[in-house]
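Visitor: Quick one: structure below, then a few questions.
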Amino acid sequence: MPDYVAQVRAVLDALQRRGLPRRFLLAGLCAGAYWSLHTALEDDRVAAVGLLNPRELTEEDYEELYKQAL
């Protein structure tokens, strides 16, 4: 599976260069939700995420990702 985190971060960089505030809310459906979540874990500019069907993540997956984010 390709890694789109770098591409999402490049979009955030471009939006910031255009004068948008430094904090972002990412939202996604299916794979978009998955990559929004993984971008949020790596980029502190992401203040919140809205996830719909994030690629079959289980409750254990969410717990592990939450622990990583702390």
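The values are calculated or read from the model by the stated rules, or taken from the named source; none is laboratory data. It should be emphasised that the depicted structure is a prediction, and the values quoted were computed from it without experimental measurement. For neighbour counting, all protein chains shown are included, and Cβ atoms are generated from backbone atoms with ideal geometry for every residue, glycine included. The accessibility values were calculated without ligands, DNA or RNA, using every heavy atom of the protein model including side chains. Shrake-Rupley method; radii C 1.70, N 1.55, O 1.52, S 1.80 Å.
Visitor: Taking the stretch 5-45 on its own, how many of its residues are over 18 Å from residue 64 (Cα atoms), open to solvent by less than 90 Å² (accessible area, probe 1.4 Å) and touching a residue at least 24 places away in the same chain (Cβ under 8 Å)?
Guide: Counting residues in the stretch 5-45 that are over 18 Å from residue 64 (Cα atoms), open to solvent by less than 90 Å² (accessible area, probe 1.4 Å) and touching a residue at least 24 places away in the same chain (Cβ under 8 Å) gives 11.
Visitor: Consider residue 17 carefully, then state whether it is touching a helix residue (DSSP H, G or I) at 6+ places or on another chain (Cβ under 8 Å) and modelled with pLDDT of 90 or more.
Guide: Considered against the rule, which asks whether it is touching a helix residue (DSSP H, G or I) at 6+ places or on another chain (Cβ under 8 Å) and modelled with pLDDT of 90 or more, residue 17 comes out as no.
Visitor: Hey, another quick one. When the stretch 1-33 is examined, which residues are found to be of a type in the set (Lys, Arg) and in a helix (DSSP H, G or I)? Explain how you work it out, then say what you get.
Guide: So the first thing to find is which residues in the stretch 1-33 are of a type in the set (Lys, Arg), and the list is 9, 17-18, 22-23.
Correct list: 9, 17.
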